[in-house]
Amino acid sequence: MANGIERGFEKGLFASRWLLAPMYAGLVLALGLLVIVFARELLYYLPKAMEMTADKAILVVLTLIDLTLAANLMVIVIFSGYESFVSKLDVDVGEDRPGWMGKVDFGGLKMKLIASIIAISAIYLLKRFMEIGKTDGVSSTEMLWLVVFHGTFVISGVLMALMDWLGAQARKG
């Protein structure tokens, strides 16, 4: 009897992974939000392209790149997270299937996540750097904190990579 209770509990525990599915559906909706914001930014600035300074054009492009990186990150989290924690994606998309799908484990997902965060942070830092000296530009205190945060992300990424490498070396040895 105890063995049957244990088996039933374990089956329920295993089935609980499906509680994550609505969260991944929510991330898909959030991805749609990013598409709307991207389109809004693009449609707002396209008519102004002939009047834009080079600095302003670069800031607009960096904003669009930032949104795209965030969207890429969400796609990686959605697909890899779903496949790692809920269920394999049983879709036959042939050659259209991204090469990383089905190959990114939790460690790889973690590294892609921190790399994307670092890239997004670097773009934001660059955007703020380009505003130095403008009337509503960035203060030196704000710039210092942005650099500190970015440096923290970079150091965290390096330490995560080092921990993964050390773990891999320990498994080999």
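Details
- A convex hull fitted around the alpha carbon atoms of the chain yields 199 Å³ per residue.
- Estimated at 0.36 nm per residue, the fully extended path between LYS134 and VAL37 surpasses their Cα-Cα distance by 32.4 nm.
- Ranking MET50, SER87, GLN169 by Cα position along the charge dipole of the chain, where only Lys, Arg, Asp and Glu carry charges on their C-beta atoms, puts GLN169 farthest toward the positive end.
- In degrees, nearest ten, helix 106-130 long axis to first principal axis of the chain (Cα): 10
- Degrees between helix 140-172 axis and first principal axis of the chain (Cα, 0 to 90, nearest 10): 30
- Our estimate of slack between ARG7 and LEU46, defined as 0.36 nm per intervening residue step minus the Cα-Cα distance, is 8.0 nm.
- Separation of the range 27-61 and the range 105-173, taken as the distance between their Cα centroids, equals 24 angstrom.
- Dipole check for the range 60-173: with +1 at the C-beta of Lys and Arg, -1 at the C-beta of Asp and Glu, and the Cα centre as origin, the magnitude is about 360 Debye.
- For the chain, lysine pairs separated by 8 or more sequence positions, or belonging to different chains, with Cα-Cα distances below 27 Å total 16.
None of the figures in this text is laboratory data; all of them are computed from the coordinates on show. Remember, it's a predicted structure, so these values are computed and weren't measured experimentally. Neighbour counts run over all protein chains shown; Cβ positions are idealised from the backbone, glycine included.
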